[in-house]
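S.K.: The following block contains the structure, expressed as structure tokens.
The values are calculated or read from the model by the stated rules, or taken from the named source; none is laboratory data. What you see is a predicted model, and the numbers here were worked out from it, not measured in a lab. Here the Cβ is made from the backbone with ideal geometry for all residues, glycine too, and neighbour counts use every protein chain on show.
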Amino acid sequence: MKNKILVTGGVGYIGSHTCIELINAGFDIVVYDNLSNSSIEALHRVESIVGQSIEFIEGDILDYSLLDHVFKTYEFFAVIHFAGLKAVGESVAKPLLYYKNNVTGTLNLLEVMQRYSVKNFVFSSSATVYGDPETLPIVETAPRSCTNPYGQSKLTVEYILEDLAQSDPTWNIVSLRYFNPVGAHKSGLIGEDPNDIPNNLMPYISQVAVGKLKQLSIFGNDYDTVDGTGVRDFIHVVDLANGHVAALDYLVNHQAIGFLPINLGTGKGTSVLELVHAFIESTGVDVPYQFVDRRPGDVASCYASAAFAKELLNWSADLNIVDMCRDTWQWQSKNPKGYTSESFS
Ligand code: NAD
Ligand code: UD1
């Protein structure tokens, strides 16, 4: 059977959306998460969306013996590995925490997989591994570099995965390099629920819109871009989730693929200001903003070449910026306090 999948970090933002699409595609999933950056309520809501219960193990990827027990219990075809810490600023303040969680945790998981001969692996990588891109759109063969411990942890795992695939051709590894995931499931039941003041643009916009935050600061309007603000490749989280299904389908049908990095982006750049205006127009809700200095470490423009994903996986993004804004707002307005909100309808 090639349909039993371990989903680490499956309660988080991208993982929870991916669980839905995996189940819809007929995969049988087991979710493994320590809930360090997520609420179990998200999984309950996924269960209500798909109309079935989901096997859940509360555990840490740093816990080798629990992982060992899980692999002894289930016969997995593949692992999708979302579990990790992702806040760039926090990674600068706590590099050891980030390397331990993201690198040591992944090593643990890979060792257990090797032990049980489960050698199909889908890794959550990031466009951050491209650093300040020399050419746009960014192709998978572009040079890699990182400037912060979070990015370094992703890049280090990519190097480990490359070496692993090189050492043993029975490993099949897809490293999905996400561009900027935004949006939410169309039900409005699940979405991104940052613990603190958001670092990323879209959750900040939606929290200003809902009145939780006063105004958006736009970091820089003097970049060499269409309107001076930063340009990014925003991708709807449901499209991203479907990219994982496409990657798994590829693994089901191909062997000895080695280490395969694949961009998951739309291929289209949108500026910060364009996104803010799209949000205001598609929701009818105002988002006051001011321009402030550039944020250190930011690049002017970053968007994917989506050609390889199309060619190899026959996957491409369907949803546009208006869908992303509408679905973000649907989630935020129904759940102003995220998963701690009292009710949803
Ligand atoms: P998230 O924080 O919402 O989800 C990560 C999940 O992993 C959480 O549920 C958390 O509780 C769990 N987790 C963290 N450490 C763990 C550990 N040691 N053991 C078990 N579970 C653990 O983040 P997300 O946005 O869903 O991101 C998922 C993955 O994609 C991460 O690896 C992230 O680095 C990567 N990624 C995210 C983005 C983005 O913009 N969201 C962009 C590129 C890459
Ligand atoms: C950031 C991380 C990156 C990570 C990605 C997804 C940095 C330097 N990079 O990328 O490593 O993979 O998130 O988690 O943190 N912006 C504002 N005001 C805000 C927030 C953002 O103007 O309040 C601007 C930024 O300057 C940028 C754009 O919006 O131009 C997107 O920012 P963000 O959502 O943080 O994503 P990235 O910077 O692309």
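S.K.: For the stretch 141-182, how many residues meet the condition of being surrounded by 15 or more Cβ atoms within 10 Å (Cβ to Cβ), in a loop (DSSP other than H, G, I, E, B), in contact (Cβ under 8 Å) with a residue 24 or more places away in the chain and not polar (S, T, N, Q)?
M.R.: 2
S.K.: Find all pairs meeting these conditions: Cβ atoms under 7 angstrom apart; at least six residues apart or on different chains; first residue within the stretch 35-48 and among the charged types (D, E, K, R); second residue at pLDDT 95 or above.
M.R.: Cβ pairs passing all conditions: Glu41/Tyr339; Arg45/Leu189; Arg45/Ile190; Glu47/Ser53; Glu47/Ile54.
S.K.: Still on this structure: Taking the condition within 13 Å of ligand 1 (Cβ to nearest atom), β-branched (Val, Ile, Thr) and touching a strand residue (DSSP E or B) at 6+ places or on another chain (Cβ under 7 Å), does Val208 pass?
M.R.: No.
S.K.: Here is a follow-up. Output the residue which, of all residues in the stretch 84-94 that are within 12 Å of ligand 2 (Cβ to nearest atom) and part of a helix (DSSP H, G or I), is farthest from Leu35 (Cα to Cα).
M.R.: Once the filter is applied, the top-ranked residue is Val92.
Each row is one residue, and each column tells you yes or no for (1) within 23 Å of Glu192 (Cα to Cα); (2) modelled with pLDDT of 95 or more; (3) surrounded by fewer than 21 Cβ atoms within 10 Å (Cβ to Cβ).
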| position | (1), (2), (3) |
| --- | --- |
| Leu43 | yes, yes, no |
| Val50 | yes, yes, yes |
| Ile57 | yes, yes, yes |
| Ile61 | yes, yes, no |
| Phe77 | no, yes, yes |
| Ser91 | yes, yes, no |
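S.K.: What are the residues in the stretch 95-152 that are of a type in the set (Val, Ile, Thr) and either more than 21 Å from Leu248 (Cα to Cα) or within 12 Å of ligand 2 (Cβ to nearest atom) (or both), if any?
M.R.: Val103, Thr104, Thr128, Val129, Thr135, Ile138, Val139, Thr141, Thr147
S.K.: Only residues that are of a type outside the set (Val, Ile, Thr) and in contact (Cβ under 8 Å) with a residue 12 or more places away in the chain: list them for the stretch 287-302, please.
M.R.: Pro288, Tyr289, Gln290, Phe291, Asp293, Arg294, Arg295, Gly297, Asp298, Ala300, Ser301, Cys302
S.K.: Given the structure, is Glu90 more than 10 Å from ligand 1 (Cβ to nearest atom), in the same structural domain as Leu155 (by TED's automatic domain parsing), under 24 Å from Val118 (Cβ atoms) and not β-branched (Val, Ile, Thr)?
M.R.: Spelling it out, it is not the case that Glu90 is more than 10 Å from ligand 1 (Cβ to nearest atom), in the same structural domain as Leu155 (by TED's automatic domain parsing), under 24 Å from Val118 (Cβ atoms) and not β-branched (Val, Ile, Thr).
S.K.: Next question. All but one of (1) surrounded by fewer than 20 Cβ atoms within 10 Å (Cβ to Cβ); (2) closer than 22 Å to Gly26 by Cβ; (3) among the charged types (D, E, K, R) hold for Arg294; state the number of the condition that does not hold.
M.R.: (2)
S.K.: Hey, any hits in the stretch 38-45 for a residue that's within 16 Å of ligand 2 (Cβ to nearest atom), among the polar types (S, T, N, Q) and part of a loop (DSSP other than H, G, I, E, B)?
M.R.: Yes, because at least one residue in the stretch 38-45 is within 16 Å of ligand 2 (Cβ to nearest atom), among the polar types (S, T, N, Q) and part of a loop (DSSP other than H, G, I, E, B).
S.K.: Go through the stretch 151-164 and report how many residues are of a type in the set (A, V, I, L, M, F, W, C) and more than 13 Å from Phe123 (Cα to Cα).
M.R.: Of the residues in that region, 1 qualify.
S.K.: Can you tell me which residue within the stretch 190-207, out of those that are more than 22 Å from Asn320 (Cβ to Cβ) and more than 8 Å from ligand 2 (Cβ to nearest atom), is surrounded by the most Cβ atoms within 10 Å (Cβ to Cβ)?
M.R.: The extreme case among them is Asp193.
S.K.: Condition first: at pLDDT below 95 and among the polar types (S, T, N, Q). Now tell me which residues in the stretch 1-41 satisfy that.
M.R.: Answer for the stretch 1-41, where residues must be at pLDDT below 95 and among the polar types (S, T, N, Q): just Asn3.
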